[in-house]
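Student: The structure under discussion is supplied below as structure tokens; questions concerning it will follow.
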Ligand SMILES: Nc1ncnc2c1ncn2[C@@H]1O[C@H](COP(=O)(O)OP(=O)(O)OP(=O)(O)O)[C@@H](O)[C@H]1O
Ligand SMILES: [Mg+2]
């Protein structure tokens, strides 16, 4: 790509007590790239993602985001504001309406005026296809609608990077597409994305690269075409045969 | 409304049965009993006079004053004032204590744990005596009579200090009941820990702990009767004064008990209304 990576991981290790969750992870993500992370349960996908915005601290190694080494970041909140994160269980704020969910961090972190924050929130809710749900509370929305609000909430910070941790795995099948469509649009607009997901349709359509993790390590890195036609690593082959039936 | 409809299956009897089940019968029974009781008092002129006198004792003006503002009256009004001010202070102490209890800072955690465990191990009555007879004189001596907490301030501080420990535990439990994902979502958006607490965690925790906060308020109204031991002329103290002047214990304590009951009843109805109002839409 010729550019500097916007995310750099070098030999990253993470322990949870006796569990060695990450065992030397190396990863470069370039601006505008869409990287899809796959791998069996417990392989460390979520942990790796959470290390990138320092929701988890690392025991060893080096992480740099947008030119800032995370361990030296004077203000981690500033770094995090540039990294949107979308969770499996949405994690919307249940005491706020959809509109307020999208406005809150704009007001508190970005210090935008109420008018500016509301205009931006409405624009984003329209973009994710639910402008009419602005005044609904999360409990009044379907899972797919909640996840789209969560994406709008992250986008409202104008992030440079978006992290997705299994954004559709808690959704009923008929709602998965509406969320993936929003993510596809984002990818086409050139957003840098790291997506933990086993939605192979999305991976084929949007991924520049697919990363296969197993037992805390990145075992294989390939393009979607290569992965589906000729996976190199035997564990990748085994895993693919399981999820592709 | 939704909460109740969700928990009780609709009965076959229809709207009337549903409506009957919605009525808080215990309130009705208490009101009927009070009405019968008051009716009996009013029927006899001697009784009427006695209870009227007791009522004057528990709503009197401070000693040596013929007239005064409603706000300055002792007895019932003093009890209410001590409860409201004491509870407000206890809320502040409880909030700070609760935040310290969930903080990762070992110093603040140790301070709040010490406070909670020490205070919970000492009877409130003893704490109030400390406030009145140990802390207040010591402060007066140490500050050359500049800081004088005698009377109402010492009573309120004793109540607040004692209740603050219980409220700290209520706040801690409320904060811990909010799923971890809420804090993570807030932090991932770039909010600081205090911002996440203030805008995301506490607004949800408050809704969770509203019932115990309400119960503690009502409990404090009753426990405020303990301040009579450091000679504050609250409802109980004025009732006792009436009894010692008239030797009419039955009428005196009837008046005291009835007034406490009336106040706690009204409070618990208010608390229920607030709970209903603050429930989040779209949840069972
Ligand atoms: N907070 C934690 N405390 C203890 N162990 C943890 C914690 N978070 C993760 N782990 C452990 O670390 C390992 C990696 O977990 P991680 O959640 O990253 O896996 P994953 O690849 O995301 O799996 P899944 O597909 O099930 O989400 C697992 O063994 C998990 O049990
Ligand atoms: Mg995971």
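The values are calculated or read from the model by the stated rules, or taken from the named source; none is laboratory data. The shown structure was predicted, so the numbers you read here are calculated from the model rather than taken from an experiment. A quick note on method: Cβ atoms are made from the backbone with ideal geometry, for glycine too, and the neighbour counts reach across all protein chains shown.
Student: Identify all residues within region B:169-206 that are assigned to a helix (DSSP H, G or I) and within 7 Å of another protein chain (Cβ to nearest Cβ); write none if there are none.
Tutor: As a first pass, look at region B:169-206 and keep what is assigned to a helix (DSSP H, G or I): B:169-176, B:180-188, B:193-206.
Within region B:169-206, B:181, B:182, B:184, B:185, B:187, B:188, B:195, B:199, B:200, B:203, B:204 qualify.
Student: Here's something else I'd like to know. Take residue B:259 and tell me if it is in a helix (DSSP H, G or I), more than 14 Å from chain A (Cβ to nearest Cβ) and farther than 30 Å from residue A:105 by Cβ. I'd like the intermediate steps shown before the answer.
Tutor: Working: in a helix (DSSP H, G or I): yes; more than 14 Å from chain A (Cβ to nearest Cβ): yes; farther than 30 Å from residue A:105 by Cβ: yes.
In short, yes.
Student: So, in region A:176-212, how many residues would count as being part of a helix (DSSP H, G or I), touching a residue at least 60 places away in the same chain (Cβ under 8 Å) and under 13 Å from the mean Cα position of the chain (by Cα)? Spell out how you get there, then give the answer.
Tutor: Here is the first cut: in region A:176-212, the ones part of a helix (DSSP H, G or I) are A:176-188, A:200-206.
When the remaining residues are screened for being touching a residue at least 60 places away in the same chain (Cβ under 8 Å), the result is A:187, A:202-203, A:206.
Adding the requirement that they be under 13 Å from the mean Cα position of the chain (by Cα) leaves A:187.
Result for region A:176-212: 1.
Student: How many residues does region A:44-85 contain that are away from chain B (no Cβ under 14 Å) and under 24 Å from residue A:205 (Cα atoms)?
Tutor: Within region A:44-85, residues that are away from chain B (no Cβ under 14 Å) and under 24 Å from residue A:205 (Cα atoms) number 2.
Student: Looking only at residues in region A:109-127 that are farther than 11 Å from residue A:156 by Cβ and part of a loop (DSSP other than H, G, I, E, B), which one is nearest to the other protein chains (Cβ to nearest Cβ)?
Tutor: Among them, the one singled out is A:111.
Rundown of residues vs (1) away from ligand 2 (no atom under 16 Å from the Cβ); (2) buried (at least 21 other Cβ atoms within 10 Å of the Cβ), yes/no style:
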| residue | (1), (2) |
| --- | --- |
| A:46 | no, no |
| A:52 | no, yes |
| A:75 | yes, no |
| A:83 | yes, yes |
| A:105 | yes, yes |
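Student: Going through region A:105-118 one residue at a time, which ones are under 13 Å from residue A:81 (Cα atoms) and touching a helix residue (DSSP H, G or I) at 6+ places or on another chain (Cβ under 6 Å)?
Tutor: Passing the criteria: A:106, A:107, A:108, A:109.
Student: Every residue in region A:2-59 that is assigned to a loop (DSSP other than H, G, I, E, B) and near ligand 1 (Cβ under 8 Å from one of its atoms), please. Give the derivation first.
Tutor: Here is the first cut: in region A:2-59, the residues assigned to a loop (DSSP other than H, G, I, E, B) are A:2-6, A:17-18, A:30-33, A:39-44, A:53-59.
Answer for region A:2-59, where residues must be assigned to a loop (DSSP other than H, G, I, E, B) and near ligand 1 (Cβ under 8 Å from one of its atoms): A:17, A:39, A:40, A:41, A:42, A:43, A:44, A:56.
Student: Restricting attention to region A:86-108, which residues are at the interface with chain B (Cβ under 7 Å from one of its Cβ atoms), more than 14 Å from residue A:155 (Cβ to Cβ) and free of Cβ contacts under 8 Å to residues at least 60 places away in the same chain?
Tutor: From region A:86-108, those at the interface with chain B (Cβ under 7 Å from one of its Cβ atoms) are A:87, A:89, A:91, A:93-95, A:104-105, A:108; that's our starting set.
Now drop any that are not more than 14 Å from residue A:155 (Cβ to Cβ), which leaves A:87, A:89, A:91, A:93-95, A:108.
Answer for region A:86-108, where residues must be at the interface with chain B (Cβ under 7 Å from one of its Cβ atoms), more than 14 Å from residue A:155 (Cβ to Cβ) and free of Cβ contacts under 8 Å to residues at least 60 places away in the same chain: A:91, A:93, A:94, A:95, A:108.
Student: Just to verify a result, which residue in region A:135-158, among those that are outside any helix (DSSP H, G or I) and at the interface with chain B (Cβ under 9 Å from one of its Cβ atoms), is nearest to residue A:77 (Cα to Cα)? Explain how you work it out, then say what you get.
Tutor: Of region A:135-158, the ones outside any helix (DSSP H, G or I) are A:135-137, A:141-142, A:156-158.
So of that shortlist, the ones also at the interface with chain B (Cβ under 9 Å from one of its Cβ atoms) come out as A:136-137, A:141, A:156-157.
Numbers: A:136: 28, A:137: 27, A:141: 29, A:156: 15, A:157: 12 Å.
Among those that are outside any helix (DSSP H, G or I) and at the interface with chain B (Cβ under 9 Å from one of its Cβ atoms), it is A:157.
Student: Please find, within region A:160-175, the residue that is farthest from the other protein chains (Cβ to nearest Cβ) out of those that are surrounded by fewer than 22 Cβ atoms within 10 Å (Cβ to Cβ) and part of a loop (DSSP other than H, G, I, E, B).
Tutor: A:172
Student: When you look at residue B:122, is it assigned to a helix (DSSP H, G or I), away from chain A (no Cβ under 14 Å) and more than 30 Å from residue A:94 (Cβ to Cβ), yes or no?
Tutor: So residue B:122 does not fit the description; no.
Student: A further question on this structure: Out of (1) out of contact with any strand residue (DSSP E or B) (no Cβ under 7 Å at 6 or more places or on another chain); (2) under 18 Å from residue A:7 (Cβ atoms); (3) within 16 Å of ligand 1 (Cβ to nearest atom), what's the single condition that is false for residue A:158?
Tutor: (3)
Student: A follow-up question, please. From A:226, A:221, grab the single residue that is away from ligand 2 (no atom under 16 Å from the Cβ), under 22 Å from residue A:30 (Cβ atoms) and part of a strand (DSSP E or B).
Tutor: Values: A:226 fails: part of a strand (DSSP E or B).
After ruling out the rest, the residue left standing is A:221.
Student: Please verify whether residue A:194 is modelled with pLDDT of 95 or more, within 13 Å of chain B (Cβ to nearest Cβ) and crowded, with 16+ Cβ neighbours inside 10 Å, treating the condition exactly as stated. Break it down stepwise before answering.
Tutor: Working: modelled with pLDDT of 95 or more: yes; within 13 Å of chain B (Cβ to nearest Cβ): no; crowded, with 16+ Cβ neighbours inside 10 Å: yes.
Against the criterion (modelled with pLDDT of 95 or more, within 13 Å of chain B (Cβ to nearest Cβ) and crowded, with 16+ Cβ neighbours inside 10 Å), residue A:194 does not qualify.
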